[in-house]
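Peer 1: Once you've had a glance at the structure underneath, I'll fire off some questions.
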Amino acid sequence: MTTADEGQESRALRELTALYCEGMASPTAAELDRGRNALLARLAAHREGRRRRVRWSSALCVAGAVCALVALKIASTMQRYRPRELPPLAFRVDGGTVLEGGYLRESGHTGMTVLFNEGTRFALAAGTRGRVHPMARGEAQVTIEHGTASVQVTPDSRRAWLVDVGPFLVTVKGTVFTVSWDPLAEQFQLTLRRGRVVVSGPLSAGEIALRTGQRLEVNLARAETTITEANLEDGASRGPPVPDREEPLPGKAKPARSAPPREAPAVAAGGSGSDRRWSLALARGRWDSILADVDRAGVEATLGKASSEDLFALADAARYRRRPELARAALLAAQRRFPDSPRALDVLFLLGRVEETREGGTARAIAWYDEYLARAPRGPFAGEALGRKMTLTDKLGGPAPARPIALDYLRRFPVGSYAKSARALLAVAGRDP
Amino acid sequence: MMAGSTWAVAEAWRRYAPMVLTLARRALGSQAEAEDVGQEVFCRLFRKVKSLRDPESLRSFIYAFALRALKSELRRRKLRSWLIMVKPEVLVGLGSRTVDFESRDILRKFSGLLDRLPPRARLVFVLRRMEAMTVEEVAASMELSESTVKRSMAAAASRLSRWIAADPDLAGLVRGEWE
């Protein structure tokens, strides 16, 4: 082999290359056999490994698909059952205004309607006194301190509606009902038109669950509790008419901030826990626990530190437990410490009620009623104050001095609860010489 | 072969393994490494045989695989020697019946000189001088231009001659001491 590049090679290189090639002989038959067997084993192992990889890959794919399906299922289930966030609750009042603390004030004499943005509405009859409490996320509470309210609650399992009626607490399950409380006669009445409610309070049977069409009447003075089947066709049992449920609510579709009441923020600031503690205890009929708290802390200390709400709850509990001295002290403390409270005038009327139960307190009761009528001639207790004054004056001095009061009452409240008594008194007074 | 039949594997090994193993021994100077490369070449062959369009070109197909594997192995060996400063294995298993004991020492030295060449130059030298391939065949096999093959060959021959001349034992060949 003679090529152009041979010229650069030394003889030694050519010799060494030839020797190298001779030394690097072809493989022997034994070496080839060994190599072939090794190759076959290696290929077999490779094929097995590939099959195993395919099996593992398939298994992993199937497992992955199953996991993905399970994860999707769990996610969709969680999405389905995840409680949606409650929209903030807001309300407005038709026919009235909202005072500080959520107290409702009637503008005219035709009652008022509290409309909540999620559809719930409270129709308060003329003269009814109520309060909308600061709203918690999953709870709403309305207090009917006196009078009659027709309630239509939009069912929502995420929100509990509590209606505080005098010493009773109505837990609403999504329903339509009418409730009333007469603090003078200490009479509670609830007519359930649709749904279900649970009433708790000073009931001998503990909590009472009512079903559609039932009427609960409780007379605390006579300690009577009766449940009857209500005649729902009887208009008198319905209280004020409940507005049509399908009627669109002005504030319903609006967010809470955009639908404030006319004279007060729609959502009041959160109240303190102690404010509601005795109120709830009172509503649940736990008067003794309130009085025990007072006895434990000391009457003077309690009267000096308790909130306005607690003082009223204490006064009620003391009245119900026939402790007029304590009730009087609580009311006087409320009058002294909270003279500008929306309930400051109520104290005057309630002091009159307390004095009636004290021995020789009739004249003092009349004086408290007079003061109330002078300072709140159109107040929610005006009719009751005038009626009680008439009754006590008749009791104290006979029908003659009570006659002008009866005439005044019939002029101002011709269909009031004392109208019948006033007419009877006038009839008697007319016969007297 | 495409179905991976055992008989086809055995037949391909019988026909082409001597060519691959001999080339690998000459290129690497190591019988053990040559066997590893041979196994690798045939394994790769059976994995890639489906890409063979013309069954008649199977021999050059295998040869191309072998050259690629040898080039990679020589590069790895070079890199290893640089990184760990260890001399590569030299002519283990050289034991040919036709080579005497003194010649083995000479060939080990010569193999050491071949290891000093760059991988491409060494492969060109092996194909050109030991496999007796033409410049055109070497260029086609290694996918190089003919001029590159000629330059690589000239450089390899020049360096080897110079290194041989500088070695007293190997230089004795020039003076005819071996004859």
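Peer 1: Might you check whether a residue that is surrounded by fewer than 19 Cβ atoms within 10 Å (Cβ to Cβ), touching a residue at least 12 places away in the same chain (Cβ under 8 Å), more than 30 Å from A:GLY111 (Cβ to Cβ) and under 36 Å from the mean Cα position of the chain (by Cα) occurs anywhere in the stretch A:343-364?
Peer 2: Yes, that holds for at least one residue.
Peer 1: Mind listing whichever residues of the stretch A:28-37 are farther than 27 Å from B:LEU114 by Cβ and either within 60 Å of the chain's Cα centre (by Cα) or at the interface with chain B (Cβ under 8 Å from one of its Cβ atoms) (or both)?
Peer 2: A:ARG36
Peer 1: Mind counting the residues in the stretch A:8-27 that are among the aromatic types (Phe, Trp, Tyr) and more than 7 Å from chain B (Cβ to nearest Cβ)? Steps first, answer last, please.
Peer 2: Restricting attention to the stretch A:8-27, the residues satisfying the condition of being among the aromatic types (Phe, Trp, Tyr) are A:20.
If we keep only those that are more than 7 Å from chain B (Cβ to nearest Cβ) as well, we get none.
Matching residues across the stretch A:8-27 total 0.
Peer 1: What helices (runs of 4 or more DSSP H) completely inside the stretch B:6-88 contain at least 2 residues that are within 13 Å of chain A (Cβ to nearest Cβ) and touching a helix residue (DSSP H, G or I) at 6+ places or on another chain (Cβ under 9 Å)?
Peer 2: By residue number, B:6-28, B:31-48.
Peer 1: Right, another one. Pairs only if they're at least six apart or on different chains, beta carbon under 9 angstrom, first in the stretch B:110-124 and within 12 Å of chain A (Cβ to nearest Cβ) and closer than 17 Å to B:TRP82 by Cα, second of a type in the set (Ser, Thr, Tyr) and crowded, with 21+ Cβ neighbours inside 10 Å; list them, first residue then second.
Peer 2: Filtered contacts from the stretch B:110-124: B:LEU114/A:TYR20.
Peer 1: Then there is this: Taking the options A:ARG322, A:ARG411, A:ARG378, name whichever one is within 25 Å of A:GLY108 (Cβ to Cβ), part of a loop (DSSP other than H, G, I, E, B) and among the basic types (Lys, Arg). Explain how you work it out, then say what you get.
Peer 2: Numbers: A:ARG322 fails: within 25 Å of A:GLY108 (Cβ to Cβ); A:ARG411 fails: part of a loop (DSSP other than H, G, I, E, B).
Selected residue: A:ARG378, the only one of A:ARG322, A:ARG411, A:ARG378 that is within 25 Å of A:GLY108 (Cβ to Cβ), part of a loop (DSSP other than H, G, I, E, B) and among the basic types (Lys, Arg).
All of the numbers you see were taken from the coordinates with simple rules; none came from a lab. Remember, predicted model here, so these are calculated numbers, not experimental data. Reconstructed Cβ throughout: ideal geometry from the backbone, glycine too, with neighbour counts over all protein chains shown.
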